[in-house]
């Protein structure tokens with residue numbers, strides 16, 4: 001499956017008032033190489049194993065494969081991950097015909113808030129809420145795999 005996604009910094013917490021879902025996410029990386037990341041995630045009461053390929057030149061498009069796995073298996077796999085666990089709360093915010101996922105980072109990445117939106121094409125139009133800030137699509141510093149090795153607190 002191809003993932004087409006754009007990322008933005010978030011200016012304020014106004015998005016929380018219109019969120020329709022909120023879940024804690026803990027994730028680690030079995031491989032954080034940008035050519036092919038392998039991620040283990042626990043989101044709420046579900047576990048996932050995800051493989052992502054290298055992004056396009058713009059950083060907007062890349063191959064992604066994800067499969068749900070039992071939480072107990074995800075917990076075991078997290079113990080095998082590289083150092084640097086990502087801990088965040090994800091809010092889902094409808095906006096027009098899309099849904100933004102806003103990640104409020106905790107732990108080593110506390111203070112960082114990033115919004116992502118998945119699109120059907122790289123040039124698809126979408127609404128930009130007032131709380132949306134600077135676009136950081138393609139900036140590797142804002143990839144979770146990067147943040148797991150070089151946390152926001154050290155920038």
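Bear in mind that the values in this text are calculations on the coordinates, not laboratory data. A quick note: this is a predicted structure, and the numbers were derived from the prediction, not measured. Every residue, glycine among them, receives a Cβ derived from its backbone with ideal geometry; neighbour counts consider all protein chains shown.
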Stretched fully, the stretch from residue 16 through residue 146 gains (0.36 nm per residue minus C-alpha distance, one decimal, in nm) 44.2 nm
Among 31, 120, 109, the residue with the largest mean-square fluctuation in a Gaussian network model of the chain built from Cα contacts under 10 Å is 120
Cα gyration tensor shape for the chain, rounded if a/c is under 1.5, else prolate or oblate: rounded
By counting other Cβ atoms within 10 Å of each Cβ, how are 37, 61, 99 ranked from fewest to most? 99, 61, 37
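How large is the helix-only mean residue ellipticity at 222 nm for the chain, computed as the sum of -39500 (n - 2.57) over DSSP H runs with n ≥ 4, divided by its residue count, in deg cm²/dmol to the nearest 500?
The helix contribution divided over the chain gives -2500 deg cm²/dmol.
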In nm, spacing of pseudo-spin labels at residue 68 and residue 126 (7 Å Cα→C-beta vector): 2.4
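Between residue 30 and residue 97, what FRET efficiency comes out of the Förster formula 1/(1 + (r/R0)^6) with R0 = 30 Å and r the beta carbon distance, rounded to 0.05?
Working: r = 35 Å, r/R0 = 1.15.
Once rounded, the FRET efficiency stands at 0.30.
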Ranked packing of 87-98, 68-79, most packed first, by mean Cβ within 10 Å: 87-98, 68-79
